[in-house]
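Enquirer: Before we start, here is the structure in question, set down as structure tokens.
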Amino acid sequence: MRDYSTNRTGFDRILTVLAATFLTVSAATAFAQTDTAKKGAAELAIDAAVPMPQPANVPPPTAADFKMDNVPPAPPIVRASKPADHKTADTIGTDTKPADTKPSGSADSEASSNTTPPSAAKASDATTSPDTKASGSKAAETTPADAKSVDAKPVDAKPAATPADGTKTDEAKKDATATITPAVAPPAGTDAATATDQPSEPVKAASNVPPADQPAADKLHELLDTKATKFFDRKTERAAIEKFYAARSYAPLWTEGGTLNAQAKGVIARLRDAAADGLDPTDYPVPNFAAAAAPDQLAEADLKLTASMMDYARQAQSGRMHWSQVSGDISYPEHPINPEQVLMNVTTAKDASAALDSYNPPQKLYRELKQKLAELRGVGEGPVTQIADGPALIYTPERGKKHPAVVVEDPRVPMLRVKLGVTENADDTHYDAKVAAAVRKFQANADLKATGVLDERTIKAINSPKRDRQIDTVIVNMERWRWLPRELGAPSLGNAYAILNIPDYTLKVMQHGAQVWSTRVVVGKPGIHATPLLTETMKYITVNPTWNVPPSIIYKEYLPALQQDPTVLERMGLKLERDRSGGIHISQPPGERNALGRIRFNFPNKFLVYQHDTPDKNLFAKETRAFSHGCMRVQNPDQYAATLLNIALPQEHYTPEKVRSMYGRSEIDIKFPTPIPVNITYQTAFVDHAGKLQIRSDVYGRDATMLALLRNAKGRDLEAVIAHAQPNYSRPRGDIPQGVALNDNGGGGFGGGFSNSGPSFFERLFGVQTPPPQVEDRRRQIYRR
């Protein structure tokens with residue numbers, strides 16, 4: 001059979017198609033290994049510019065060069081070329097021979113032939129005939145000179161594998177990418193990209209740093225990469241600061257073009273006024289930006305101010321010393337700062353000073369102490385004056401018509417008026433009722449007997465730096481406020497909470513920012529029985545509680561007492577048991593004589609302390625009430641219970657009478673749906689409802705310990721956590737003297753023994769918790785250096 005349109009036999013045509021198919025498969029495999037088939041135009045241009053020896057870079061015909069008879073006609077060719085070039089796909093498939101392929105000889109290539117380098121022409125020629133392998137290989141090896149000419153003048157050469165008629169359809173382009181050689185330049189449409197998109201190194205991201213700040217930014221980057229630990233010794237803060245600077249391309253935080261910005265001025269003002277918050281301004285040095293002219297000086301000053309700002313925020317929020325530095329019987333929830341939030345808050349705030357100040361305690365009692373601190377310091381301004389020694393001055397009030405008031409005169413009185421703040425009749429030399437009242441007030445605040453008589457001791461106290469001691473007392477109390485949670489109460493209960501002040505021996509219930517109820521309390525004795533400082537939540541109250549004697553009391557008091565009098569426990573209404581492992585447990589059943597009285601208020605804690613009623617009501621009449629073993633005795637427990645229950649269970653309408661009606665010999669637990677926070681505090685300085693500064697005796701010596709630490713803090717990290725030995729509440733073992741009534745019948749409840757698997761002392765005290773409170777740790781992760 002003969003095909004007259006091509007003047008070829010059908011057999012020859014079949015052989016040609018098979019040969020083309022074989023060459024196509026071989027070429028695809030070769031190009032897959034070199035991964036040139038998937039390269040873009042920019043990559044191909046780089047390959048064209050760099051000599052890369054290849055064995056034989058001659059592209060074979062592709063399947064697109066051979067079309068079957070049943071293939072639909074290709075779309076018309078849009079091109080200004082010779083009329084003979086406009087052929088159908090069928091014609092292309094039958095007329096084109098590999099040896100007759102036209103070498104980029106279209107009008108487009110001819111128009112740009114004047115700018116085509118010789119190497120590009122050779123590469124184009126190399127694709128004209130698959131039989132000229134040697135010439136194609138030579139053309140593929142582009143010289144450096146050729147590469148330079150390509151970079152300088154991009155060519156408009158088309159891919160060499162396009163059909164002979166120069167078709168530019170999408171199908172033809174896809175076929176061309178399968179056979180394109182590295183030596184071919186990109187299409188004409190990418191001329192501009194060819195000259196600009198071929199960098200010799202990776203392109204850097206555009207910087208948002210103003211040009212004037214770029215030198216300082218570069219130095220900041222260098223310092224943070226090499227000397228970050230010099231400025232920031234806390235790992236968490238250092239990582240956050242490095243991340244924050246990197247996110248802003250290391251632009252300075254506090255300067256713009258070498259000039260302090262508004263945030264810097266606000267931060268500096270707050271740091272210099274740190275003393276107003278009871279802090280030491282020398283702990284937060286401010287760098288001298290005026291002397292920082294060079295970029296490296298500006299960068300170093302920027303980091304120093306950031307470090308001081310971070311130190312202030314951390315210590316304003318959590319304190320200059322960790323509470324574990326003071327004593328082992330203090331436990332408050334941790335609330336460390338978030339360094340990233342500090343940086344974001346301060347640097348984006350309209351008022352950076354106020355933003356930094358917000359890390360100080362927000363409580364009203366703290367703000368009142370801050371105001372009193374300012375007043376105390378204001379009194380001391382001006383020259384120091386001393387009251388001269390002399391005879392005692394006594395004011396005798398009127399006692400009827402026969403005994404008029406006795407007012408003495410003394411030249412020291414005007415100066416005394418100034419010292420004590422008596423502004424009325426400032427020059428009057430009479431020691432009258434107002435001056436005597438001011439002396440009496442001073443004596444009361446100075447722990448002197450308030451007689452109103454200006455005697456030798458009073459003069460000495462007035463002339464001594466007593467005011468400085470008051471300032472110190474206020475400062476350490478402000479420091480302790482930083483340990484407390486920022487939210488003292490339960491938000492869902494109107495911010496309700498109970499707060500106990502040990503030195504003042506008072507207990508108050510607060511709600512909606514106002515006092516709801518208060519009473520007197522008895523606290524622990526100084527020393528090993530001191531009441532611990534803590535914040536916990538009261539979960540329930542127990543009416544008619546059993547007193548499970550703490551192991552410390554069994555060890556140190558009851559076992560020695562049994563040696564002297566084997567009947568002492570029986571006479572006290574206590575029951576003694578021994579478990580199978582030999583441990584001793586002593587308890588007292590509910591009743592009028594119970595040491596806990598009628599009600600126990602339970603807020604499970606590691607110190608095993610609680611608040612409770614007491615049968616010994618006489619101690620509440622004393623001014624100093626530190627008599628217990630650590631627990632807190634409440635003067636009016638029925639009122640306290642009714643107040644708390646009306647907050648936790650308002651629908652139940654509890655009254656003191658309703659609470660008392662539950663008294664009996666069976667324990668009754670009343671659980672709170674929402675626990676109420678309990679804050680045990682140590683406030684030796686506070687402001688009362690009349691706005692007067694109240695100073696209390698340092699019954700546990702906490703003020704003295706803190707002041708000593710602050711004054712001798714050189715070389716010490718007061719923010720570090722000190723691990724203290726935890727109290728051991730295991731069941732005590734010991735010999736029970738002969739004749740002691742021992743309830744060891746193996747039964748349950750009172751009078752019965754208990755096995756090794758019996759309840760622990762904590763469970764006997766607070767019941768079985770889910771989860772167990774001894775496992776629950778409400779403290780946040782402790783921040784360490």
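The values are calculated or read from the model by the stated rules, or taken from the named source; none is laboratory data. Worth saying up front: this structure is predicted, and the values here are computed from it rather than measured. Ideal geometry is used to build each Cβ from the backbone, glycine not excepted, and the neighbour counts take in all protein chains shown. For the accessible areas, the whole protein counts, side chains as well, though only heavy atoms, and no ligand, DNA or RNA atoms are used. Shrake-Rupley method; radii C 1.70, N 1.55, O 1.52, S 1.80 Å.
Enquirer: Please sort by residue number the GluC sites (Glu not before Pro) in the stretch 332-411 whose DSSP state is loop and whose Cβ has at most 15 other Cβ atoms within 10 Å.
Expert: Hits after loop and neighbour filter: GLU381, GLU398.
Enquirer: Could I ask something else about it? Efficiency by 1/(1 + (r/R0)^6): what FRET value for LYS658 and ILE394, r their Cβ-Cβ distance, R0 = 51 Å, to the nearest 0.05?
Expert: The computed FRET efficiency comes out at 0.40.
Enquirer: Is there a quick way to get the dipole size of the stretch 302-368? I mean about its Cα centre, with the Cβ of Lys and Arg at +1 and of Asp and Glu at -1; what is the value in debye to the nearest 20?
Expert: With only Lys, Arg, Asp and Glu charged at Cβ, the dipole is about 120 debye.
Enquirer: Taking H as built 1.01 Å from N, whose amide H comes closer than 5 Å to the amide H of VAL408, not counting residues under 5 places away?
Expert: Amide H neighbours of VAL408, under 5 Å, 5+ apart: TYR431.
Enquirer: Can you compute 3J(HN,Hα) from phi for each residue in the stretch 451-456, using the Karplus curve 6.51 cos²θ - 1.76 cosθ + 1.60 with θ = phi - 60°, rounded to whole Hz and x for Gly and Pro?
Expert: Computed from phi, the couplings for the stretch 451-456 are 9, x, 9, 7, 9, 4 Hz.
Enquirer: Could you check the spin-label model distance between ASP296 and ALA437? Points 7 Å from the Cα along Cα→Cβ, value in nm.
Expert: With each label point 7 Å from Cα toward Cβ, the separation is 6.9 nm.
Enquirer: Just to confirm the filter: which GluC sites (Glu not before Pro) across the stretch 497-578 are DSSP coil and have at most 11 other Cβ within 10 angstrom of their Cβ?
Expert: Within the stretch 497-578, no GluC sites (Glu not before Pro) qualify (loop, at most 11 other Cβ atoms within 10 Å).
Enquirer: If you project the alpha carbons of the stretch 342-434 onto the principal axes, what extent comes out on each, in Å, largest first?
Expert: 74, 33, 20
Enquirer: Over the residues of the stretch 595-713, compute the C-alpha Rg and express it relative to 2.2 N^0.38 Å.
Expert: 1.32
Enquirer: Considering amide H positions built from the backbone, and no H for Pro or chain starts, which residues 5 or more places from TRP517, or on another chain, come under 5 Å of its amide H?
Expert: VAL509
Enquirer: Can I ask one more? As an exercise, identify the trypsin sites (Lys or Arg not before Pro) in the stretch 229-276 lying in DSSP coil whose Cβ has no more than 15 other Cβ atoms within 10 Å.
Expert: ARG248
Enquirer: Still on this structure, please answer the following. Residue-wise, which Karplus ³J(HN,Hα) couplings in Hz belong to the stretch 409-426, taking 6.51 cos²θ - 1.76 cosθ + 1.60, θ = phi - 60°, and x for glycine or proline?
Expert: 10, 7, x, 7, 4, x, 5, 5, 4, 5, 4, 9, x, 8, 7, 6, 6, 4
Enquirer: I need the phi-derived Karplus couplings for the stretch 222-239: 6.51 cos²θ - 1.76 cosθ + 1.60, θ = phi - 60°, integer Hz, Gly and Pro marked x.
Expert: 5, 5, 5, 6, 10, 9, 4, 5, 5, 9, 10, 8, 9, 4, 5, 5, 4, 5
Enquirer: Whose amide H sits under 5 Å from the amide H of MET538, counting only residues 5 or more places off or on another chain, with H placed in the peptide plane?
Expert: Correct list: ILE676, VAL678.
Enquirer: Tell me the label-point distance for the pair ASN445, ASN712, using the 7 Å Cα-to-Cβ offset, in nm and rounded to one decimal.
Expert: 3.0
Enquirer: Moving on. So, in Å, what gap is there between the alpha-carbon centers of the stretch 446-514 and the stretch 579-640?
Expert: Using only Cα atoms, the two centres lie 26 Å from each other.
Enquirer: Rounded to the nearest 0.05, what FRET efficiency do THR674 and LYS350 have when you use their Cβ-Cβ distance and R0 = 41 Å?
Expert: 0.65
Enquirer: Please report, in Å, the Rg and the Dmax of the stretch 286-441, where both are computed over Cα atoms only.
Expert: Just the Cα atoms of the stretch 286-441 yield Rg and Dmax of 26.3, 86 Å.
Enquirer: Please report the spacing between the Cα centers of the stretch 239-312 and the stretch 670-711 in Å, no decimals.
Expert: Each part's Cα centre sits 35 Å from the other's.
Enquirer: How big is the accessible area of HIS529 in square angstrom, nearest 10, if you roll a 1.4 angstrom probe over the protein chains?
Expert: 40
Enquirer: Past the 23 Å Cα-Cα mark, which pairs from LYS230/LYS350; LYS441/LYS622; LYS525/LYS617; LYS401/LYS434; LYS617/LYS671?
Expert: Cα-Cα > 23 Å for LYS230/LYS350; LYS617/LYS671; rest within.
Enquirer: Still on this model: With a 1.4 Å probe and every protein chain kept in, tell me what percent of the accessible surface of the stretch 300-432 is carbon plus sulfur.
Expert: 53
Enquirer: So what's the net charge close to THR255: Lys and Arg +1, Asp and Glu -1, counting the other residues with Cβ under 9 Å from its Cβ?
Expert: -3
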